[in-house]
Amino acid sequence: MLALLATESGLTKTEILSSVRGYAQRYVSGGDNANLERQFERDKDDIRELGVPLETIEPLGEPGDNHNLRYRIPKGAYDLPDDVRFDSDEIALLGLAAMAWREGSLSAESRRALVKLRALGIAANEPVLGYAPRLRLRDAAFEPLTQAIDRHQIVRFDYLKPGEERARTREVIPLALVQYEGRWHLAAEELATGEGKTFLLRRIVGKISAGKPAPERPGDHMARSLADLDAVWERGIADIEVRAGSDAAQRLAHRRGTEEVAPGTLRMHYVDLAILADELASFGPEVLVIEPPALRAAVIERLQRTVADHG
Amino acid sequence: MADKRHRAPARSVPAPQARDKLAFLLALVPWLLEHDRVTVQEAAAHFGVTEDEIRTSVSLVAMSGVPGATATYQHDDLFDIDWDAFESDDEIAITQHVAIDDAPRLSAREAAALIAGLQYLQALPGNADRAGIRTLIEKLSRGASATPSQLAVSGGPDGEVLGLVQRAVAEGRRVRFAYLNSRGEREERDVDPLRVESIDADWYLRGWDHLRQALRTFRFDRMSDMVVTDDPIEHDASEMHLPDTLFEPSAEDLEVTIEASPEVIGLLADYIPDGALTSEVGDRIRTTLRVSHYHGLKRLIAGMPGTVRVVAPEQARRAVAEWAAAGLARYA
């Protein structure tokens, strides 16, 4: 890697394998270097995944000739820009942000980001009150979806919509992953219809298969998706009677956007009727759904099921 | 949900991969260059690694270089350090360097992870205001080698509770609030606040509970009427060791046998003790849950209808059935 940073004109693969330490000792001039070439491909992936801008330059007049492709790392694109510097408070906050990911697939990334930022030599200002934030990635679909988004690939998966008997296969361009009210959603464009859709990760059944390159879809998909979810949340209104002093009364009243419209009656917002029905069912006799009828029916159906399963 | 038993993430800090090692070297070199001479101990403390890791890495750096014009690694093409100081005084001083002198950029995923983490923390008062966080996010985007992956987290803690807790900590005073426990009992609690923790959308306060004379964890959404009292705290975070688990298992815990569909086993992971026996029964998985009482259990199971069934003991099964039946009776 040092060699690639030091070169301005770039090095060909043969030059790298024959001269750079680590490769050169095992390089057989004019012989079979298949193992070494595979090693080189892996190293290239590692370097790119680290965010190191490894460039390839096609030799003039020989487009498509892979053999004489030259590799280099432009110094200007490698170094952290000079105006990107952080103060001690910011470093502390970044440390917390990284800590939130200590479980799951993003933990390696956030750990590496912190290591890189430590190169700047700034010590964190420890806050007086300790925080231990944690974002969980329980959804198996998270990792393959982030990868597909980064690599601009189309994905296929089976999705089980509430109320439907079996899962349907969807083929979409994945655009962004957003956590809303503690649950991960995928913002995507359905390939067949070109429509923007939001999928709840926990309803994705089975494996995600990623494949064909996806067309570019520029834009702030995170903001659009959060705005969509907000709009759904705004429209979803339920009136719930809660028993005074109960767990339900306490916890539901603390939810964002909940208001008491009459003594003991809460008006709350929701995104997903099936999820709210599960939550309300857990409160047993502490809640009574007044509106909407679909939610009332869903809660009754859930309670009947639990009674039947435990009778 | 009541009495969640949050196990700390498995302590499986993965063996450093090639990528991690390389990232570390790329960060270590510019830091060493910034500091003319540092001890191995200082470097280990700054990067949060062992002294041996520093020594190994420095030795590796000292032998690195570029092949140079003649492809023979001449002295000018190599890193060099003050070997005497390194070997006898455990001190590091880079005397010659090649190619690297500045901190590396972040990758798209690295920047995205930090940005999404910041959005999650946006509501934390005291650290930075919203404008500050925006600037920070913008800086991270510029410090990445490609556009950060699209990842967003919305929501955050109850700012009012958090503000009061912060004030109490800063002033060294207790907080007092009404707390509704999962058995449905409401009590006034006086607490020395020690740490705020969160898991996704759930926020918790950990502190010394003067009523119970013990460490306790309180859910934000079960607290009400919080005030900062005039009473000084008796315990602070520096002297208390907080366990990694939010809730401690206790000898009085009850064991319950359940059958669950495989998709929801992950959602129950917090309640499944280490080493629980698991077997397949048809398309269901049979395993054991540990709960502190049936009040928590009945809520948990009634909230996952059709996917989890309590098999034994009889008393637990009945507690769930009665809870759901009582709920149903309200619609009769």
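The values are calculated or read from the model by the stated rules, or taken from the named source; none is laboratory data. Worth saying up front: this structure is predicted, and the values here are computed from it rather than measured. Every residue, glycine among them, receives a Cβ derived from its backbone with ideal geometry; neighbour counts consider all protein chains shown. When the accessible area is computed, the model is the full protein with side chains, heavy atoms only, and any ligands, DNA or RNA have been set aside. Shrake-Rupley method; radii C 1.70, N 1.55, O 1.52, S 1.80 Å.
With respect to B:Ser198, is the statement that it is among the hydroxyl-bearing types (Ser, Thr, Tyr), out of contact with any strand residue (DSSP E or B) (no Cβ under 6 Å at 6 or more places or on another chain), more than 30 Å from A:His152 (Cα to Cα) and buried (at least 20 other Cβ atoms within 10 Å of the Cβ) true? Break it down stepwise before answering.
Working: among the hydroxyl-bearing types (Ser, Thr, Tyr): yes; out of contact with any strand residue (DSSP E or B) (no Cβ under 6 Å at 6 or more places or on another chain): yes; more than 30 Å from A:His152 (Cα to Cα): yes; buried (at least 20 other Cβ atoms within 10 Å of the Cβ): yes.
Spelling it out, B:Ser198 is indeed among the hydroxyl-bearing types (Ser, Thr, Tyr), out of contact with any strand residue (DSSP E or B) (no Cβ under 6 Å at 6 or more places or on another chain), more than 30 Å from A:His152 (Cα to Cα) and buried (at least 20 other Cβ atoms within 10 Å of the Cβ).
Return the total of residues in region A:233-267 being of a type outside the set (Phe, Trp, Tyr) and closer than 26 Å to A:Thr198 by Cα.
12
Out of region B:296-328, which residues are more than 7 Å from chain A (Cβ to nearest Cβ) and surrounded by fewer than 19 Cβ atoms within 10 Å (Cβ to Cβ)?
Those that are more than 7 Å from chain A (Cβ to nearest Cβ) and surrounded by fewer than 19 Cβ atoms within 10 Å (Cβ to Cβ): B:Val311, B:Ala312, B:Pro313, B:Glu314, B:Gln315, B:Arg318, B:Glu322.
Residues of region A:25-46 being open to solvent by 30 Å² or more (accessible area, probe 1.4 Å), assigned to a helix (DSSP H, G or I) and farther than 17 Å from B:Lys21 by Cβ, which ones?
If the condition is that a residue be open to solvent by 30 Å² or more (accessible area, probe 1.4 Å), assigned to a helix (DSSP H, G or I) and farther than 17 Å from B:Lys21 by Cβ, then A:Gln25, A:Arg26, A:Ala34, A:Asn35, A:Glu37, A:Arg38, A:Glu41 are the ones that fit.
Does B:Ala316 count as modelled with pLDDT of 90 or more and assigned by TED's automatic domain parsing to the domain that holds B:Ala260?
Taking the combined requirement at face value, the residue satisfies it.
Among the candidates A:Asp228, A:Asp220, which residue alone is out of contact with any Lys or Arg (no Cβ under 9 Å at 6 or more places or on another chain) and farther than 16 Å from B:Leu151 by Cβ?
A:Asp228
Have a look at A:Leu145, A:Leu175 and point out the one that is part of a helix (DSSP H, G or I), within 13 Å of chain B (Cβ to nearest Cβ) and at negative phi.
Testing whether each residue is part of a helix (DSSP H, G or I), within 13 Å of chain B (Cβ to nearest Cβ) and at negative phi leaves just A:Leu145.
So which pairs qualify, if the first residue must be in region A:35-53 and more than 24 Å from A:Gly76 (Cβ to Cβ) and at pLDDT 80 or above, the second must be aromatic (Phe, Trp, Tyr) and surrounded by 15 or more Cβ atoms within 10 Å (Cβ to Cβ), the Cβ gap must be under 9 Å, and the two must be at least 6 apart or on different chains?
A:Leu36/A:Tyr23; A:Leu36/A:Tyr27; A:Gln39/A:Tyr23; A:Phe40/A:Tyr23
In region A:189-218, what residues are free of Cβ contacts under 8 Å to residues at least 24 places away in the same chain and either closer than 18 Å to B:Ser154 by Cβ or assigned to a strand (DSSP E or B) (or both)? Write out each step before concluding.
Filtering region A:189-218 down to residues free of Cβ contacts under 8 Å to residues at least 24 places away in the same chain leaves A:190, A:192-195, A:218.
The one that is free of Cβ contacts under 8 Å to residues at least 24 places away in the same chain and either closer than 18 Å to B:Ser154 by Cβ or assigned to a strand (DSSP E or B) (or both): A:Glu190.
Looking at region A:1-15 only, could you name the residues that are surrounded by 15 or more Cβ atoms within 10 Å (Cβ to Cβ), more than 9 Å from chain B (Cβ to nearest Cβ) and not in a strand (DSSP E or B)?
Selection gives A:Gly10, A:Lys13.
Within region B:145-185, track down each residue that is in contact with a Lys or Arg (Cβ under 6 Å, 6 or more places away or on another chain) and closer than 24 Å to A:Glu109 by Cβ.
Selection gives B:Ser145, B:Ser149.
For region B:244-254, does any single residue satisfy the condition of being over 19 Å from B:Arg183 (Cβ atoms) and at pLDDT below 85?
yes
Which one of A:Asp272, A:Asp230, A:Asp247 is within 30 Å of A:Gln147 (Cα to Cα) and within 11 Å of chain B (Cβ to nearest Cβ)?
Of A:Asp272, A:Asp230, A:Asp247, the one residue that is within 30 Å of A:Gln147 (Cα to Cα) and within 11 Å of chain B (Cβ to nearest Cβ) is A:Asp230.
Kindly list the number of the only condition in (1) outside any strand (DSSP E or B); (2) surrounded by fewer than 17 Cβ atoms within 10 Å (Cβ to Cβ) that fails for A:Thr56.
(1)
Quick one: count up the residues across region A:95-109 that are facing chain B (nearest Cβ under 8 Å) and within 15 Å of B:Phe47 (Cβ to Cβ).
1
Looking only at region A:130-169, which residues are of a type in the set (Lys, Arg) and within 15 Å of the chain's Cα centre (by Cα)?
A:Arg134, A:Arg136, A:Arg138, A:Arg151
Which condition does B:Asp192 not pass, out of (1) of a type in the set (D, E, K, R); (2) in a strand (DSSP E or B); (3) open to solvent by 40 Å² or more (accessible area, probe 1.4 Å); (4) farther than 28 Å from A:Glu286 by Cβ, if it passes all the others?
It is condition (3) that B:Asp192 fails.
Step by step: first the residues of region A:227-255, then only those that are over 17 Å from A:Leu280 (Cα atoms) and either assigned to a strand (DSSP E or B) or in contact (Cβ under 8 Å) with a residue 24 or more places away in the chain (or both), then the one that is farthest from the chain's Cα centre (by Cα). Which residue is that?
Here is the first cut: in region A:227-255, the residues over 17 Å from A:Leu280 (Cα atoms) are A:227-232, A:234-235.
Checking which are either assigned to a strand (DSSP E or B) or in contact (Cβ under 8 Å) with a residue 24 or more places away in the chain (or both) leaves us with A:228-229, A:232, A:234.
On the way: A:Asp228: 18, A:Leu229: 17, A:Val232: 21, A:Glu234: 24 Å.
Going through the qualifying residues, I end up with A:Glu234.
Please enumerate the residues belonging to region A:110-140 that are within 7 Å of another protein chain (Cβ to nearest Cβ), out of contact with any strand residue (DSSP E or B) (no Cβ under 9 Å at 6 or more places or on another chain) and either crowded, with 20+ Cβ neighbours inside 10 Å or not in a loop (DSSP other than H, G, I, E, B) (or both).
Result: A:Ser110, A:Val115, A:Arg118.
With region B:208-283 as the region, which strands (runs of 3 or more DSSP E) entirely inside it contain at least 1 residues that are touching a residue at least 24 places away in the same chain (Cβ under 8 Å) and open to solvent by 30 Å² or more (accessible area, probe 1.4 Å)?
On the way: elements: B:214-219, B:223-232, B:254-260, B:279-281.
Counting at least 1 such residues, we get B:214-219, B:223-232, B:254-260.
Matching residues to (1) closer than 25 Å to B:Ala325 by Cβ; (2) open to solvent by less than 10 Å² (accessible area, probe 1.4 Å); (3) assigned to a helix (DSSP H, G or I):
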{"site": "A:Gly257", "(1), (2), (3)": "no, no, no"}
{"site": "A:Arg267", "(1), (2), (3)": "no, no, no"}
{"site": "A:Val271", "(1), (2), (3)": "no, no, no"}
{"site": "A:Ala274", "(1), (2), (3)": "yes, no, yes"}
{"site": "A:Asp278", "(1), (2), (3)": "yes, no, yes"}
{"site": "A:Ala281", "(1), (2), (3)": "yes, yes, yes"}
{"site": "A:Leu288", "(1), (2), (3)": "yes, no, no"}
{"site": "A:Ala294", "(1), (2), (3)": "yes, no, yes"}
{"site": "A:Ala297", "(1), (2), (3)": "yes, no, yes"}
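Restricting the search to region B:158-178, which residues are more than 25 Å from the chain's Cα centre (by Cα) and farther than 23 Å from A:Glu126 by Cβ?
Across region B:158-178, the qualifying residues are B:Arg176, B:Phe177, B:Ala178.
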